[in-house]
Each structure stands twice: as C-alpha cells, then as structure tokens.
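The values are calculated or read from the model by the stated rules, or taken from the named source; none is laboratory data. Since we're looking at a predicted model, the values are computed, not measured. Cβ placement follows ideal geometry from the backbone for every residue including glycine, while neighbour counts extend to all protein chains displayed.
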Amino acid sequence: MTIDSNATDPASIDPISTDPITIDSTTIDWDALRAVANEAATHAYVPYSNFPVGVAAIVDDGRVISGANVENASYGLTLCAECALVSSLHMTGGGKLVAFTCVDGHGGALMPCGRCRQLLFEHSAEGMLLETVSGIRTIDEVIPDAFGPRTLAAYRDE
C-alpha cells in the first residue's frame, strides 16, 4: 500500500489490505499533514507561554492522528504535543508512525525536543519520515544510535 495525496483521508486506505505502507517522502501529502497539525495547534492549552504546538502523523494502517501541547502552572508537568499524539495513537488502535510533522501556532516547522524524539522513536515504523526545519529526515537521522525496544530485545536475547 502506498500513501498518496489522499493519505489524510482514512477512507482512502483499504482497511483489508495487509500490504505495508510504502514510506516515500514523495508520496506523502506533507501540505495536508501540516494542515492537520495546524488545526491541532488551535486546540493547544498554552496560558503561560502562549506558544501553541500542533503535531500530526500518519500511522502504518493509514490513520491520521494529531496532538497539541498542554501546559501546567508547574511547567515541569507540561505535556508536549507529541505526548498527546502517542496517546491518540494508542487510544485509536495502536500501530507504528510512518510520517510526522510538528508546527508552531503560525504553521512554521518545529523540531521535536530530545524527549519527544525518543518518544517518537519508540512508536515509529522503521524509517519513519519527519518534516523538519531542514527538510524531510528519517527518525534515525534526528535521533541517531537511539536506545529503544530493539536494544532491550537484543540484550534479553544474549
């Protein structure tokens, strides 16, 4: 299965197909995915920083999910938009992320913080694509040599 320009419309994905989604930056409608992230940013709860962040991703079954940041007066308990995205991933059926974008309240591209890169890595399909401030990158390019489930599995198998 290949993600085409209708990728943000879950109805355009054949739910019975067992073919994996082909991850190819040219077949992902980044403008449409960014529009979902922009909409998500309008739902951010940011009374302290006034810096809304919205994210959107395509899941390996074709679903499009999104999230927004939620601040807290203690600051340390603030949830990045990526946390909301991963929660949405699991609340709507699980799976692996194949494409991701993050925007500020004006629609400008943002890079996930280090914690969120690790969170995305944990829930990404191999080769997940991210729209970054410097173009399309893979998850391995934005968090090289990452520690994750495969590291733990390899350790247990020794």
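With respect to Ser134, determine if the residue is in contact with a strand residue (DSSP E or B) (Cβ under 7 Å, 6 or more places away or on another chain), closer than 26 Å to Thr26 by Cβ and among the hydroxyl-bearing types (Ser, Thr, Tyr). So Ser134 fails the test.
A residue that is touching a Ser or Thr at 6+ places or on another chain (Cβ under 6 Å), modelled with pLDDT under 95, not in a loop (DSSP other than H, G, I, E, B) and not hydrophobic (A, V, I, L, M, F, W, C) occurs nowhere in region 4-15.
The rows are residues; the columns are (1) closer than 25 Å to Thr27 by Cα; (2) among the hydrophobic types (A, V, I, L, M, F, W, C); (3) without any contact (Cβ under 8 Å) to a residue 12 or more places away in the chain.
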position: Tyr75; (1), (2), (3): no, no, no
position: Val86; (1), (2), (3): yes, yes, no
position: Leu89; (1), (2), (3): yes, yes, no
position: Gly93; (1), (2), (3): yes, no, no
position: Ala99; (1), (2), (3): yes, yes, no
position: Gly107; (1), (2), (3): yes, no, no
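A quick yes/no check of all residues on (1) at pLDDT below 95; (2) touching a Lys or Arg at 6+ places or on another chain (Cβ under 6 Å):
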position: Gly107; (1), (2): no, no
position: Pro112; (1), (2): no, no
position: Arg115; (1), (2): no, no
position: Phe121; (1), (2): no, no
position: Ala125; (1), (2): no, yes
position: Leu129; (1), (2): no, no
position: Thr138; (1), (2): no, no
position: Arg150; (1), (2): yes, no
position: Asp157; (1), (2): yes, no
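Scan region 108-115 and tell me whether some residue there is farther than 15 Å from Val55 by Cα and touching a helix residue (DSSP H, G or I) at 6+ places or on another chain (Cβ under 7 Å). Checked region 108-115: no residue is farther than 15 Å from Val55 by Cα and touching a helix residue (DSSP H, G or I) at 6+ places or on another chain (Cβ under 7 Å). Each residue in region 100-137 was checked for being in contact with an Asp or Glu (Cβ under 9 Å, 6 or more places away or on another chain), over 14 Å from Leu85 (Cβ atoms) and surrounded by fewer than 16 Cβ atoms within 10 Å (Cβ to Cβ), and 2 pass. Taken over region 41-84, residues that are buried (at least 21 other Cβ atoms within 10 Å of the Cβ) and charged (D, E, K, R) amount to 1.
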